[in-house]
Amino acid sequence: MHDKQQLIKDLRDLGVQPGMVLFLHSSFKSLQFQGTPEEVIEAFQEVLTPEGTLLLPTLTYKSVTKDNPHFSYHDSVSCVGILPEIFRKMKGIVRSMNPIHSVAAWGRHALYLTSAHIEDDITLGNNSPYARMLSFDAKICMLGCGLKPNTFMHYVENINRVPYREVSSIIPMHLTDADGRTFLKEIHMPDMRMYVQRYDRITQVLSENEMHSRNVLSADAFLIDANSLLQKASIALKKDPFFFVDPL
């Protein structure tokens, strides 16, 4: 078991720095951390400082569906682990308004990164935090969860117009914002049910300088340069649009 100070040291050794814009995917259990989920988040905040920005995915694809097309800023529960669910409810956190791929954020650029997500008709468009963070030399941290659940890769696929991300349905959804106002928005959705994500293949396109790896507590961790990933993954997709998926 490990404590908060060891976590802070390991994050710094991984390359997390003050002022960084950091998008975190995580598995709390893999850390074997002796403290609370809140303390893990606090460790990231301490390393980043208030000049930095921490983003976590608060995805809701399990509960917000075609049959239940309702998303609430405050009440829609994230389905991607305990850290995002704890994080989105903490003081000082803002959440982007998107029914499937919402993002919660803290820090200097949190409001800017999340505020325009509602303007996208697709769930990961050019107004999303996934796109806007690129202006800040953002890094992606995969902590104890491997490389496959990298949501940023959907943005890469979207801007490269890969066949399996083409719009297959348009779903009217009811969105309730932070002030309790509800409105209707049509969301354009792909259908990836015939494919399995293989985003672990980014190891074939990124150099060691573009993706650092080491243990953080008991977990394998990766720190990925988002702009390099966009550039190198786009080259791979131009050669083979199905490079990052396998058919079922």
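For this structure, a couple of remarks:
- From the list 107, 92, 146, the lone residue that is open to solvent by 40 Å² or more (accessible area, probe 1.4 Å) and at positive phi is 92.
- Any hit, segment 113-121, residues being in contact with a Pro (Cβ under 6 Å, 6 or more places away or on another chain) and charged (D, E, K, R): no
- Qualifying residue in segment 192-199 (condition: open to solvent by less than 30 Å² (accessible area, probe 1.4 Å) and among the aromatic types (Phe, Trp, Tyr)): yes
- Note on segment 212-231: residues that are farther than 21 Å from residue 28 by Cα, surrounded by 20 or more Cβ atoms within 10 Å (Cβ to Cβ) and aliphatic (A, V, I, L, M) total 2.
- Test: residue in segment 55-68 that is over 24 Å from residue 233 (Cβ atoms) and open to solvent by less than 40 Å² (accessible area, probe 1.4 Å): yes
- Criterion violated by residue 201 - all others in (1) touching a strand residue (DSSP E or B) at 6+ places or on another chain (Cβ under 9 Å); (2) more than 27 Å from residue 106 (Cα to Cα) satisfied: (1)
- Among (1) open to solvent by less than 40 Å² (accessible area, probe 1.4 Å); (2) within 18 Å of residue 64 (Cβ to Cβ); (3) out of contact with any strand residue (DSSP E or B) (no Cβ under 7 Å at 6 or more places or on another chain), the one test that residue 180 misses: (1)
The values are calculated or read from the model by the stated rules, or taken from the named source; none is laboratory data. All values reported here derive from a predicted model rather than from experimental measurement. Neighbour counts are summed over all protein chains in view; Cβ atoms, including those assigned to glycine, are modelled from backbone coordinates with ideal geometry. When the accessible area is computed, the model is the full protein with side chains, heavy atoms only, and any ligands, DNA or RNA have been set aside. Shrake-Rupley method; radii C 1.70, N 1.55, O 1.52, S 1.80 Å.
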